Amino acid sequence: MSDAYLTIKKPSEGIYKEKGSKFIAFAYPILSEEDFKEHLQQLKKDYHDARHHCYAFKLGLTENEFRYSDDGEPNNSAGKPIYGQILSNNLTNVGIVVVRYFGGTKLGVGGLITAYKEAAADAINNAKIIEKTVNNYYQVFFDYTIMSEVMNFIKQQDLNVTNQLFENSCLIEFNIRTSEAGNIIEQFEEIDGVSIKFMRTI
C-alpha cells in the first residue's frame, strides 16, 4: 500500500450559480473529523442566513473514512456529488462544504446534483493539489548529557522535528515517513539512554 497521497495545500473556494440560487464551495485540508467540524461550525456562523450547508469529507488511505450530508436537500442530491468530486480527483484529508442560497426557483434533483458537483469541482480547481506522505509521529526522551548525540542523529537522518523541550531531561517530537520509520527507529534506539514512544500515524 502506498504511503503517499494527494490533498490540497490550503483552503480554497468555488462558486456555481443557477436560476438565482448561489452555491459557494469551501475546500479545506484536514487531518481529523474534529478539524472538519471546526470549519463547518465557523461557516454556519459566517453564513447563518444560508438555507443549506451540505458537505463531504474524506480522511486516510482506506475507503471507509468518509462522510457526507445533504443537510435538508433531497436524498443524495448534495453530499454525494460533493464526495464524488473528492474521489474523482483522488484526494484525501480534504473536506468540502457547499453553502446554498436559494434563489426562489426549484432546480429539481438533477439540477441540484449538477450544482453541488460543479461548485465542489470549482473549489478543487482553484486549490493547489500537493502530494504528501503518511508519517509516523514519535516522542523521544533523553538526558541532557547526550543531547549532541541525539541532535546529530536527527540532523543526519533529516527528521522533521515538531516540538522540543530542553531541560535536565529532554523531549523531542518528530515525524518520519511511515515506510522508512522501522529502520530509523531501530538505529535511534541504539543510542544509549534514549527512550522512544510512538504517538500516531497521520
So which aspartates and glutamates can LYS80 reach, going by Cα to Cα under 14 Å and dropping same-chain residues fewer than 8 places off?
ASP70, ASP71, GLU118
Taking placed amide H atoms and a strict 5 Å upper bound, the residues 5 or more places from ASP143 or on another chain that come that close are CYS170
Sort THR201, THR178 by Cβ crowding within 10 Å, fewest neighbours at the top.
THR201, THR178
Answer label for mean projected area of the Cα convex hull in nm² (calculated), chosen among [x] 13.1; [y] 11.3; [z] 10.3:
[x]
Within region 80-135, report the trypsin sites (Lys or Arg not before Pro) that DSSP leaves as loop and that have at most 16 other Cβ atoms within 10 Å.
LYS106, LYS128
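Test of understanding: ordering CYS54, CYS170 by Cβ neighbours within 10 Å, fewest first, what list do you get?
Fewest-to-most ranking of CYS54, CYS170: CYS170, CYS54.
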ASN75 paired with ASN90, simple spin-label distance in nm, labels 7 Å along Cα-to-beta-carbon
3.4
Between ILE191 and GLU131, what FRET efficiency follows from the Cβ-Cβ distance if R0 is 45 Å, with the result rounded to 0.05?
0.90
Build a GNM of the chain with springs between Cα atoms under 10 Å: which of LEU171, LEU91, LEU40 gets the top mean-square fluctuation?
LEU171
Just list whichever of LYS128/LYS197; LYS10/LYS155; LYS9/LYS106; LYS117/LYS197; LYS9/LYS155 have alpha carbons separated by over 32 Å in the model shown.
LYS128/LYS197; LYS9/LYS106; LYS117/LYS197
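So between THR62 and GLN157, what do we pick up on full extension, going 0.36 nm a residue minus the alpha carbon distance?
Computed gain between THR62 and GLN157 is 31.3 nm.
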Whats the longest run of the chain with zero GluC sites (Glu not before Pro) that are DSSP loop and have at most 16 other Cβ atoms within 10 Å?
66-166
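Every read-out reported here was derived from the displayed coordinates using simple, explicitly stated rules and does not represent laboratory data. None of the values given here were measured: they were computed from a predicted structure. Ideal geometry is used to build each Cβ from the backbone, glycine not excepted, and the neighbour counts take in all protein chains shown.
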